[in-house]
Amino acid sequence: SKEIRFDIDAIPSGYGWCFPKKNHLSVGVAALLKDNNKIKQYCEEYIKFLGIEEVISIERHGYQIPVTPRLDGFVKNNVFLIGDAAGFADPLTAEGISNAILSGRLAANAIAKANGDTRLAGKLYETLITNSMMPELLTSMKLAKLFYGNKMARKFLLKNYGQRFSEALTDIFMGEKNYPKDINQKIKQKMKSLLF
């Protein structure tokens with residue numbers, strides 16, 4: 001396979017991916033709900049689904065990605081938690097690099113602005129996270145719950161808005177758009193327009 005692909009519902013409450021590399025494929029599955037006991041089986045089934053019949057060699061790597069922000073703060077004993085350490089991976093996609101970079105920049109800005117005052121730096125960082133990243137993460141958490149927790153809603157969304165949904169997620173990854181701040185209001189508006 002020479003194409004990059006994501007397959008929603010390749011496994012229950014998750015997706016599969018296939019990325020061609022120079023002389024191998026990166027193939028995997030991500031389960032975004034807690035019931036992941038069969039992840040190895042799901043990956044084997046996904047490889048068959050892709051039509052891969054002969055596997056010359058295989059390396060297995062598995063990681064638990066923290067997709068829920070910490071509840072006990074993001075600064076511990078003058079250590080600023082960023083990225084996965086703070087639980088900043090996107091709950092909808094489990095992508096974490098962009099939020100790791102963003103949270104690292106926010107930590108650096110807070111430290112620079114505090115001018116040596118470590119308590120002030122911690123407070124500034126917490127405020128920056130609360131005002132800039134948390135609204136987006138909370139929106140993504142709501143979307144992930146709706147998307148992965150409700151198969152009918154997911155099928156409806158992908159069937160009717162799949163291309164627009166993919167383009168919107170791409171724009172969010174590229175930093176060209178943000179998640180809507182009030183997702184509940186957006187969903188209510190969309191449902192009203194569909195019903196009336």
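Only the coordinates and a few stated rules stand behind these numbers; no lab work does. Small disclaimer: the values here were computed from a predicted structure and weren't measured. FYI the Cβ positions are ideal-geometry reconstructions off the backbone, even for glycines, and counts take in every protein chain you see.
Using the charge dipole of the chain (Lys, Arg: +1 at Cβ; Asp, Glu: -1 at Cβ; taken about the Cα centre), state which of A112, C43, M141 has its Cα farthest towards the positive end. Checked the options; the winner is M141. Shown here are the Rg and Dmax of the Cα trace of the range 5-49, at 10.5, 33 Å.
With r as the distance between the Cβ atoms of S132 and S57 and R0 = 41 Å, compute the FRET efficiency 1/(1 + (r/R0)^6) and round to 0.05.
On the way: r = 44 Å, r/R0 = 1.06.
Efficiency computed from Cβ-Cβ geometry: 0.40.
Only DSSP H runs of four or more residues enter the estimate; each adds -39500 (n - 2.57), and after division by the residues of the chain the mean residue ellipticity at 222 nm equals -15500 deg cm²/dmol. The alpha carbon convex hull volume per residue for the range 75-151 rounds to 71 Å³.
Sort S103, S140 so that the residue with the fewest other Cβ atoms within 10 Å of its own Cβ comes first and the one with the most comes last.
Fewest-to-most Cβ neighbours within 10 Å comes out as S140, S103.
Multiplying the residue separation of D72 and M152 by 0.36 nm and removing their Cα-Cα distance gives an extension gain of 25.3 nm.
Kirkwood Rh, the range 11-108, all Cα pairs: how many Å?
Evaluated on the range 11-108, it is 15.5 Å.
A DSSP coil position with no more than 13 other Cβ atoms inside 10 Å describes the following trypsin sites (Lys or Arg not before Pro) in the range 1-32: K2, K21, K22. The chymotrypsin sites (Phe, Trp or Tyr not before Pro) found in the range 1-109 that occupy coil by DSSP, while having at most 11 further C-beta atoms within 10 Å, are Y63.
Of K38/K159; K38/K142; K76/K113; K40/K155, which ones are farther than 22 Å apart at the Cα?
Numbers: K38/K159 27 Å; K38/K142 25 Å; K76/K113 19 Å; K40/K155 25 Å.
Beyond 22 Å: K38/K159; K38/K142; K40/K155.
As a proxy for reagent exposure, ranking I129, I39, I101 by other Cβ atoms within 10 Å from fewest up yields I101, I39, I129.
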